[in-house]
Amino acid sequence: MFHASSEELQYLKKVISLIDEYLKGINEKIEEYGISIISDKKNLWENIYELDPVEIMQAQEEIEDQVHHGHRYVKEKAKYDRMRKSPYFARIDFKEEETGEVIHAYIGLGALIKTPEYDFLIYDWRAPISSMFYEFELGKAHYVAPESVVEGEIILKRHYKVEGDKIINYADSGTNINDDVLMEVLSQSSDQKMHNIVATIQREQNSIIRDVSSKVLIIQGVAGSGKTSIALHRAAYLLYKYKGTLSSNEILIVSPNKIFSEYISGVLPELDEENILQCEVDQIADRVIPNDYNFEKSWEQAERLIDGNDMAYAVRAKYKSSRVFFDLLKSYVDERIDAAFKPSTITIGKKVVSTEYLETKYKNYGRYTPAERIKMITEDLIIISEGEGVRANKRKMNDMVQKMYTYTSAVDVYSDFFKHISKPEYFVHKGKAFEYADLFPIAYIEARFNSKKSQIPIKHLIIDEMQDYSPVCFELINLVYDCNKTILGDVAQSISGITNSISDIQQCFDDVQVVEINKSYRSTYEIIDFSKHIKPELKDIVPMVRHGEEVKCIKYDDIASHINDAIKYAKKNKLKSIGIICKNKMAAAELYEKVKGKVKDISLIEDGRNTKAVISTVQLSKGLEFDYVIVVDADTKNYHSEADRSLLYVACTRAMHKLELIYQDQFTDLVDIDEKPENTVA
């Protein structure tokens, strides 16, 4: 049985005592503000007819000010409540080279400072001194303080498991992170939420999280490498480092769908930060194009490509997602912008404004969109009018200049483009109803002609699932958000028909740093090894050597019975989540209808219900993870093409601890294993 030293027990007691002291004071403040707010609201209501408008406004402002301060204490209470549950997870003893002083730095999710001495009992994991825990082993080390680099030596490095006022265990370590601690965390079962990883951040992950030199950082990470978690921790780090100049409502994450948004929603609050803004990539385009346009949804395109029944549709979609397509489109739009202004002579008073003058102005304003240039030329003509003593009508002047502007709509330009490249058959639409592959090209054209910068001032953009975005999509994002970016994904997990390489993505940005992560932490060794048989080219994936059950390929008769058995197994083995993954939306809906009366603890993933088992499509499961995954209908009929290979790979790599592939007829040929599982029956 583990027994902590008296020194460690005394320190924890000191920490808990201070947290409790702070919580007591905070609770008193919250109660005080609550009583005051209620009292002031009551007084305002009772005396409202006796107050003049200015007094009413002042009273409301005072109440709002109290609410603001009260909210600050509520946020502080949440922070200390979290710390009370697990105050710290690590300690380093660092001997400074210059002074010889030994600093005992305990590290946790947030800082605990004893006032008025300003004594750090716990350092925030993002603090400069804390970086040494992730970066160095015992021996020579350093950290970058605000004013200098502090050199020294780590003489102790300790990892804790602390629950409330109890030290469950601790271990001294001479390695980056004690492997036993990491293995324990990875072996735990998962609910349907992503959580913070601060106690087990690895050296290569830490360097990405703390990178502040790259304007655009691209993270290519294999399935289960923790890239999304790294990006969220990076956001938390940036909010800490640039506190006062960067806030949570100035960081936006572009995510694949609402389910993924919900999955990641708890990470930043756990890290004592407000949730950042989120949107789906389609929403960026939707805000640019006219409201009366109707585009196919991304999942509809994905399912049509997966079905493979319309080859012409697939050819169109893949072509429009290529770098070749974008380069041609950009060149054509450049030409159309240059030719969009056809000036004619204007007489203002006695002054004749020549076409050459107007054309020169249009070209000189080349850094602006044509729509902006037209406004600027109008302003120039009004200034000329004032100089000539002519009272100009701004609206009429603008109308006059607008008649020289030949742009009609993005759709017209887009249609002309396909004629220009001799591929008119590639633009298929019915009135204002368009295919999904046309969404970003049309939005790109609209943004090039009519500036559509974000109305919200975003200072950092995080783009997840980069492999599903085309070059024209990235270029649209650049037009809308001119800011630093963190871009992440895995080109091996593309299921949308887009097959762009890291090089293709890199070309879309300036000042790019690319990092690759090949180590997978999510799945057991057996699951990762099995997944390599689906995509043999991914032989460089490095698994954590965490063993579990062998992957099972099972022929089934009654799928409801199989799912019920899986739920019983999960409950017995304390596995919290089961993902039942179907190839497409239709298959998922059919399966749910088939089993919903026979299986109690099950739901469709998009329903948002908290059930033990959820039925999902491959597309909706991207980025998520489950303790136990069942891939449904893994047969030759369902999974047979090269596109299906990526689908199957994504489905299998959602599993953390247990993976089954079930089928009825003949097991898929996409898994390159020696023994084909023909006769195993569930």
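Considering just Cα atoms, how many Å³ per residue does the convex hull of segment 513-592 enclose?
Values: hull volume 13.0 nm³, N = 80.
In segment 513-592, the Cα convex hull volume per residue is 163 Å³.
Please enumerate, by chain and number, the lysines with C-alpha under 23 Å from the C-alpha of Lys42, excluding those fewer than 8 residues away in the same chain.
Leaving aside lysines fewer than 8 places away in the same chain, those within reach of Lys42 are Lys29.
Suppose accessible area is computed on protein heavy atoms with a 1.4 Å probe; arrange Glu625, Glu435 from highest to lowest. Don't skip to the end; give the middle numbers.
Working: Glu625 40, Glu435 20 Å².
Largest accessible area first, the residues go Glu625, Glu435.
How much accessible area does Ser321 have with a 1.4 Å probe, in Å² rounded to the nearest 10?
Counting only protein heavy atoms, the figure is 10 Å².
Tell me, what is the FRET efficiency for Arg287 and Arg367 to the nearest 0.05, using R0 = 22 angstrom and their Cβ-Cβ distance as r? List each step's numbers first, then the result.
On the way: r = 22 Å, r/R0 = 1.02.
Here the calculated transfer efficiency is 0.45.
His460 accessible area, nearest 10 Å², 1.4 Å probe?
10
Can you pull the percent of Cα pairs in the chain with separation above 51 Å?
Values: 59138 of 232221 pairs.
Distances greater than 51 Å cover 25 percent of the Cα pairs.
Starting from the Cα-Cα distance between Ser17 and Lys342, subtract it from 0.36 nm times their residue separation and give me the gain in nm to one decimal. Provide the component values of the computation, followed by the final result.
Working: separation 325, 0.36 × 325 = 117.00 nm, distance 7.65 nm.
Full-extension gain reported as 109.4 nm.
Binning every alpha carbon pair distance of segment 334-373 at 10 Å from zero, what are the percents per bin?
Histogramming segment 334-373 at 10 Å steps yields 28, 51, 19, 2 percent.
Which one, Val545, Ala59, Gly226, projects farthest toward the positive side of the charge dipole computed for the chain from Cβ point charges (K/R +1, D/E -1)?
It is Ala59.
Rolling a 1.4 Å sphere over the protein heavy atoms, what is the accessible area per residue of segment 204-285, to the nearest Å²? Show your work: numbers first, answer last.
Working: 2570 Å² over 82 residues.
Value returned for segment 204-285: 31 Å² of accessible area per residue.
Take the Cα of Asp607, step 7 Å along the line toward its Cβ, and report every residue of segment 573-594 whose backbone nitrogen sits under 11 Å from that point.
592-594
Please compute the length gained on full extension between Asp307 and Lys432, using 0.36 nm multiplied by the number of residues separating them and subtracting their Cα-Cα distance.
Working it through step by step, the gained length comes to 42.5 nm.
In the structure shown, do any of Lys227/Lys532; Lys459/Lys574; Lys361/Lys396 have a Cα-Cα gap over 31 Å, and if so which? Before the final figure, lay out the partial values.
Values: Lys227/Lys532 19 Å; Lys459/Lys574 42 Å; Lys361/Lys396 19 Å.
Beyond 31 Å between Cα atoms: Lys459/Lys574.
For each pair in Lys568/Lys658; Lys75/Lys157; Lys161/Lys612; Lys519/Lys552; Lys79/Lys241, compute the distance between the two Cα atoms and list the pairs where it is over 20 Å.
Working: Lys568/Lys658 14 Å; Lys75/Lys157 31 Å; Lys161/Lys612 28 Å; Lys519/Lys552 24 Å; Lys79/Lys241 18 Å.
Too far apart for the 20 Å limit: Lys75/Lys157; Lys161/Lys612; Lys519/Lys552.
Beta carbons within 10 angstrom, averaged per residue: use that to sort the peptides 282-288, 579-585, highest first. Show your work: numbers first, answer last.
Values: 282-288: 18.4, 579-585: 24.3.
The most tightly packed comes first, giving 579-585, 282-288.
What number, rounded to the nearest 500 deg cm²/dmol, is the helix-based mean residue ellipticity at 222 nm of the chain, given -39500 (n - 2.57) per DSSP H run of at least four residues and division by all its residues?
Details: 24 runs with 287 residues, N = 682.
Here the helix-only value at 222 nm equals -13000 deg cm²/dmol.
Measure off, as a whole percent, the carbon and sulfur share of the 1.4 Å-probe accessible area of segment 47-121, all protein chains present.
Working: 2420 of 4620 Å².
That fraction is 52 percent.
Keeping all protein chains in position, work out how much accessible area Leu109 exposes to a 1.4 Å probe, and write it in Å² to the nearest 10.
Approximately 40 Å² for this residue.
In whole angstrom, note down how far apart the Cα centers of segment 289-357 and segment 1-21 are.
So the separation of the two Cα centres works out to 65 Å.
At Lys42 and Thr99, where each label point lies 7 Å from the Cα along Cα→Cβ, what is the point-to-point distance in nanometres?
5.3
Report the label-to-label distance for Glu31 and Lys574 in nanometres (one decimal), using points 7 Å from each Cα along the Cα→Cβ vector.
Using points 7 Å along Cα→Cβ, the separation is 3.8 nm.
If I model a spin label as a point 7 Å beyond the Cα along the Cα-Cβ vector, how far apart are those points for Asp558 and Lys75 in nm?
5.6
What Kirkwood radius, in Å to one decimal, follows from the Cα pairs of segment 280-365? Walk me through the intermediate numbers first.
Working: mean 1/r = 0.0579 Å⁻¹.
Result for segment 280-365 stands at 17.3 Å.
How would you rank 134-140, 471-477, highest first, on the average number of other Cβ atoms within 10 Å across their residues? Before the final figure, lay out the partial values.
Working: 134-140: 15.4, 471-477: 24.7.
Descending mean neighbour count gives 471-477, 134-140.
In Å, what Rg and Dmax follow from the Cα atoms of segment 1-116?
22.1, 72
The values are calculated or read from the model by the stated rules, or taken from the named source; none is laboratory data. Owing to the predicted nature of the structure, the values given are computational and were not obtained by experimental measurement. Neighbour counts are summed over all protein chains in view; Cβ atoms, including those assigned to glycine, are modelled from backbone coordinates with ideal geometry. Areas reflect the complete protein model, heavy atoms only, side chains present, ligands, DNA and RNA absent. Shrake-Rupley method; radii C 1.70, N 1.55, O 1.52, S 1.80 Å.
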